[in-house]
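Engineer: Here it is, the structure, as structure tokens.
The values are calculated or read from the model by the stated rules, or taken from the named source; none is laboratory data. Keep in mind it's a predicted model, so treat the numbers as computed, not measured. Cβ placement follows ideal geometry from the backbone for every residue including glycine, while neighbour counts extend to all protein chains displayed. What goes into the accessible areas is simple: the full protein's heavy atoms, side chains included, and nothing from ligands, DNA or RNA. Shrake-Rupley method; radii C 1.70, N 1.55, O 1.52, S 1.80 Å.
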Amino acid sequence: MNNKEFIAALAARTGYTQDESQKMVKTIVDMMGKSFETGEPVPVIGFGTFEVKKRLERVMVNPSTGLRMLVPPKLVLNFKPAATIKGHIRKGGQDNG
């Protein structure tokens, strides 16, 4: 599903126009981005939690040359799915009911 299809489906389910739905999604994404900049996790009830984690520096080996390099620490976005989502995925995404 691409962005255009997602917005169309969201608009159909909520009864809002596609333009209004697009604005809502953009607002949510912007607010999430601001939370990530401050280091705050963003929990989405029933879906999971997005959070920024620090990846420590490490030594990496280039497989083609065998050269060892130091990779500096960096911040990465992490997602921890909710238990209900994990269970749904384990069942292959099939609804049992």
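Engineer: Of all residues in segment 59-97, which are in contact (Cβ under 8 Å) with a residue 12 or more places away in the chain, farther than 30 Å from M31 by Cβ and open to solvent by 100 Å² or more (accessible area, probe 1.4 Å)?
Structural biologist: So in segment 59-97, the residues in contact (Cβ under 8 Å) with a residue 12 or more places away in the chain come out as 59, 70-82, 84-85.
Add one more test, that the residue is farther than 30 Å from M31 by Cβ, and what stays is 59, 70-71.
L70 - this is the single residue of segment 59-97 that is in contact (Cβ under 8 Å) with a residue 12 or more places away in the chain, farther than 30 Å from M31 by Cβ and open to solvent by 100 Å² or more (accessible area, probe 1.4 Å).
Engineer: What's the total number of residues in segment 1-29 that are closer than 23 Å to A82 by Cβ and not aliphatic (A, V, I, L, M)?
Structural biologist: Narrowing segment 1-29 to residues closer than 23 Å to A82 by Cβ: 1, 6, 9-10, 13-14, 24-25, 27-29.
Now restrict to residues that are not aliphatic (A, V, I, L, M): 6, 13-14, 27.
Residues that pass the stated criteria total 4.
Engineer: Let me ask another. Taking V52, is it under 16 Å from the mean Cα position of the chain (by Cα) and at pLDDT 90 or above?
Structural biologist: yes
Engineer: Here's another thing I want to ask about it. How many residues, within segment 12-49, are open to solvent by less than 70 Å² (accessible area, probe 1.4 Å), β-branched (V, I, T) and under 15 Å from F79 (Cβ atoms)?
Structural biologist: Number of matching residues: 3.
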